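The values are calculated or read from the model by the stated rules, or taken from the named source; none is laboratory data. Quick caveat, the model's predicted, so the values are computed rather than measured. Heads up, the Cβs are rebuilt from the backbone with ideal geometry, glycines too, and the neighbour counts pull from every protein chain shown.
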Amino acid sequence: MNATDALVSICLDEGKRFKAIELAKQGASPSVIERVTTCCIKNLMLTPAIELAGLIPRELTQKELCDFVVISVNRGLKKQHDYDFYMAIEAAKMGVPDESIEIIVSGCVQCGFDRHAQQAVELLEREFTKDEIENMVHSSLEKNWTSMAISAAKKGASIPVIEKVIAKSVSSGSLYEANKAAELIPRELSVNEFETIIASRVMRGTWADLTITIEAGLGAGRSLTQEEAKPMIRDLIKMDRFDLFLGEIKILQKQSTPEMAHVLIETCCGLGRPYWAESVANYANHQFTKEERDMVALSYIKQKDSRGAQNLIKSGVVSRETVNSYIRSYIDNGWFIAHDDLSKLTEVSPSPEVVKEYISHNIASGCSVEFLEVTASILGYELSEEEREAYIATCVSQGYLENAQKAVEAIKAINRDLTIGEIDQIVLYLLDPEKRRQGLHWSDVRDRAIKAAKLGASCEVIKKLILKLVETDRLDEAKELSSYLESG
């Protein structure tokens, strides 16, 4: 025994098969190579066994191939691995008697591996027997391999056996496989079978069940309920996967009903996803009803998505309640509605109390006189004297000199100028860094304060302004204001 033989023997004794194979190829004696070849056969290493036998040189014997087949099938039956049957077939192709191939067929039938069983019977040049086909179907069903059961049933299973495949597919919620099995009879799935599939999918309630549940509902001739659709859509929302949602509702492009679209729209809105509801309508080629448009618009409003709600209101008729909610959402958020959009809202005539609330919101904001006047005009609202005075008070309290002046000029019914008290209030507001709007520096409002003081502020307030100007080295402006004090 040479050194290589000794190393190979040690590796085999220690169970290091791959190292033994590698060393055997480097110059082991034929007897040692025979030992390694036998080890490869026992451990289902077909390719190394063939390579080692070629070094002797010889081919694998029929007995070795038959042993390989038996060992492969036995391990395949034990572990339920289709790869073992694949290896058995590869060995059988090299030349084994029909009895060995029949062992492969029997093992594949017991495990339900119809593809490998098909290869084996082709080697035998025969067809499957009825019993083999139906045993394969039963084996696949026991493992819940419905796709393999269908493949086996196609070879010639009886109708009662195919019905078992349909029943198994239906109970597991496999709509596609249930339809495929039913085609073998052929027949259509019943309403009860569709309902069973729906129940199975709803019980799981994952996002991946949505398409099948929709399709099964259409097959049953009904829409899904909100309770059925909600868990699956909620699952998508949790993952924030709008892209997956679009993939799941693609079925609506091929088949849909107004009822199905309505439930999905309602469910999406209820879960706070109005733009998902719009996608449902688009995919289903579904025109929103007035009720649905209101529903989606209100959902947008709840999500503080004014643009989404605005687009819906622009594109169709909505209820007064929806318009009221839309306007109130702007009030709550401190926003203003563009005049073009406001004109569209008047087509529905918002409630008088909401119009008054929105006017009050504009007044309290100190918006420009022009904006307030146009807003009131669009809404067909006549500003009262009290409201105009309230607007002036707002402008004064927030230091909006120009707005206050314009308001006084525009309000002919009041017929007055800004009072000394109002002017003082504007100047004092602008002088106070804590009161004036955040981000405004004294240099930003200085000229406005001077302009206001010149309109007729009290001497006390003018003195405070002069001191501020002196502190900030604006001596020319301070001197000019001093002349106002001297002139009385």
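With respect to (1) in a loop (DSSP other than H, G, I, E, B); (2) within 29 Å of LEU184 (Cβ to Cβ); (3) of a type outside the set (A, V, I, L, M, F, W, C), the lone exception for SER151 is condition (1). Can we say TYR326 is surrounded by 14 or more Cβ atoms within 10 Å (Cβ to Cβ), within 22 Å of GLY456 (Cα to Cα), aromatic (Phe, Trp, Tyr) and without any contact (Cβ under 8 Å) to a residue 40 or more places away in the chain? No.
On the basis of being surrounded by 16 or more Cβ atoms within 10 Å (Cβ to Cβ) and not acidic (Asp, Glu), does ALA152 make the cut? Considered against the rule, which asks whether it is surrounded by 16 or more Cβ atoms within 10 Å (Cβ to Cβ) and not acidic (Asp, Glu), ALA152 comes out as yes. Test GLU259 against the stated conditions and say whether it is exposed (fewer than 15 other Cβ atoms within 10 Å of the Cβ), more than 13 Å from the chain's Cα centre (by Cα), within 21 Å of ALA199 (Cβ to Cβ) and not hydrophobic (A, V, I, L, M, F, W, C). Yes: the conditions hold for GLU259. From the list VAL96, VAL109, VAL32, the lone residue that is surrounded by 15 or more Cβ atoms within 10 Å (Cβ to Cβ) and out of contact with any Phe, Trp or Tyr (no Cβ under 9 Å at 6 or more places or on another chain) is VAL32. If we scan the range 446-465, do we find a residue that is surrounded by fewer than 18 Cβ atoms within 10 Å (Cβ to Cβ), assigned to a loop (DSSP other than H, G, I, E, B) and at pLDDT 80 or above? Within the range 446-465, one or more residues are surrounded by fewer than 18 Cβ atoms within 10 Å (Cβ to Cβ), assigned to a loop (DSSP other than H, G, I, E, B) and at pLDDT 80 or above. From the list SER139, SER200, the one residue that fits, being closer than 30 Å to ILE237 by Cα, free of Cβ contacts under 8 Å to residues at least 60 places away in the same chain and either basic (Lys, Arg) or in a helix (DSSP H, G or I) (or both), is SER200. The set of residues in the range 43-66 that are within 24 Å of GLN118 (Cβ to Cβ) and buried (at least 16 other Cβ atoms within 10 Å of the Cβ) comprises LEU44, LEU46, LEU65, CYS66.
State all residues of the range 270-283 that are surrounded by fewer than 23 Cβ atoms within 10 Å (Cβ to Cβ) and either part of a helix (DSSP H, G or I) or free of Cβ contacts under 8 Å to residues at least 40 places away in the same chain (or both); if no residue qualifies, say none. Within the range 270-283, GLY270, GLY272, TYR275, GLU278, SER279, ALA281, ASN282, TYR283 meet the criteria.
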